[in-house]
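Engineer: Handing you a structure now.
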Amino acid sequence: MKKRVVVLLGFALVLAAAGVVWARRTRAAEKPLVLTGSIEARDAEVGSLVGGRVLRVHTPEGAKVVRGESLVTLETGLLEPQLRQQEARIAEARANLVKAERGPRVEDVARSRAQAENAEKERRRQKALLDQGIIGQQQYDLAATEARTASETLREKERGNRVEDIDATRAALSREEAQLAYLGRQKEESVVRAPADGIVESLDLRPGDIVAPNQPVARILEPSQIWVRVYVPEPQLGRVKIGQRASVRVDTFPRREYSGRVVEIRTQAEYTPRNVQTLDQRMDTVFGVKVAIDPTPDLKPGMAATVRLDEGT
């Protein structure tokens, strides 16, 4: 019984080893995964959030630009007066805040104190006349009210402005400053700049043209962001993985080889029949694979490319 078990185990090990050898030979016999596609590059459409009349066009189509370089300048004649007006409002609001924080002037407090003292003297004089029966109660009450009002006014001046009034003045200053920042941002938007290093692919404007807000005025091509989009048949998808190295060739430079890597494998198949029923139809099911290419000035968008995936990585 034990001998039989040992024989069976040995037979199983031999089969497993044969399977491994067969798998390795089969994989070695497989042809390298070679795919074709065309080179693409990332582009960016730029424009202004405010729009307006074109004052100057700085770069023509086809020109190389660097990040932040001016492309188009719009007129700001209507915006400049608003900026000056808003700066004046901020100066006024800032002065009001200082005035509120400092409170009444010393002269105002002294004047209120003198008025309160005079009102109190008048109240006392009216009190004496009332006690003598010379005047009536109504006339004395009027003098007493004036004295109390003058006293409260003096106390108010001595205590300064209310905290709520100071906060309201400070909030008014913040509101005016925010409006100035908004106008300043609009002025910045009057200059359309390149968002990255690249080539001006399209810019069809001239001075005097009207540009609508939030509409692209130029397209910037970024040669440093290039890739090839290839399509892998479904039966071969298992041979592709993220990060896999690849070599790229183009017809223009047939002896040159450019390195790249797989950066994206789409999760949904394309060009798929509704119902895949036969083995041949499975070849019609493909998955898009994006192969990023190391930056090089040789390659241009639209070039036909051949991609060979390195299955050793």
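The values are calculated or read from the model by the stated rules, or taken from the named source; none is laboratory data. What you see is a predicted model; the values in this text were computed from it and never measured. For neighbour counting, all protein chains shown are included, and Cβ atoms are generated from backbone atoms with ideal geometry for every residue, glycine included. With ligands, DNA and RNA removed, areas are computed over all heavy atoms of the protein, side chains included. Shrake-Rupley method; radii C 1.70, N 1.55, O 1.52, S 1.80 Å.
Engineer: According to a simple spin-label model (label point 7 Å from Cα along Cα-to-Cβ), what is the distance in nm between Arg175 and Asp204?
Structural biologist: So the two model labels end up 4.7 nm from each other.
Engineer: At 7 Å along Cα-to-Cβ for each site, give me the label-to-label distance between Thr252 and Glu270 in nm.
Structural biologist: 2.3 nm
Engineer: How much of the accessible area of the range 100-243, in percent, comes from carbon and sulfur atoms when a 1.4 Å probe is used?
Structural biologist: With neighbouring chains kept in place, the figure for the range 100-243 is 48 percent.
Engineer: Can you compute the FRET efficiency between Glu107 and Leu78 using 1/(1 + (r/R0)^6), with r the Cβ-Cβ distance and R0 = 51 Å? Round to the nearest 0.05.
Structural biologist: With R0 = 51 Å, the Cβ-Cβ based efficiency is 0.70.
Engineer: Now for a separate question. Which of these, Arg105, Arg266, Arg42, has the largest mean-square fluctuation under a Gaussian network model of the chain (Cα springs below 10 Å)?
Structural biologist: Result for the chain, Cα springs under 10 Å: Arg105 fluctuates most.
Engineer: Can I ask one more? Mind checking the per residue accessible area of the range 155-215 for me, 1.4 Å probe, whole number of Å²?
Structural biologist: Per-residue accessible area for the range 155-215 comes out at 68 Å².
Engineer: From the protein chains alone at 1.4 Å, what is the descending order of accessible area for Thr252, Thr306, Thr267, largest first?
Structural biologist: Largest to smallest exposure gives the sequence Thr267, Thr252, Thr306.
Engineer: Need the full-extension length gain, Val163 to Glu92, defined as separation in residues times 0.36 nm minus the C-alpha distance. One decimal, nm.
Structural biologist: 23.6 nm
Engineer: Leaving out ligands, DNA and RNA but keeping every protein chain, what accessible area does Glu107 have, in Å² rounded to the nearest 10, with a 1.4 Å probe?
Structural biologist: For Glu107, solvent-accessible area is about 110 Å².
Engineer: Need one value: the accessible area of Asp167 in square angstrom, 1.4 angstrom probe, rounded to the nearest 10.
Structural biologist: 80 Å²
Engineer: Which residues does a label at Ser38 reach in the range 284-305, if reach means a backbone N under 17 Å from a point 7 Å past the Cα toward the Cβ?
Structural biologist: Under 17 Å, as judged by backbone N against the label point of Ser38, lie 289-291, 299-305 of the range 284-305.
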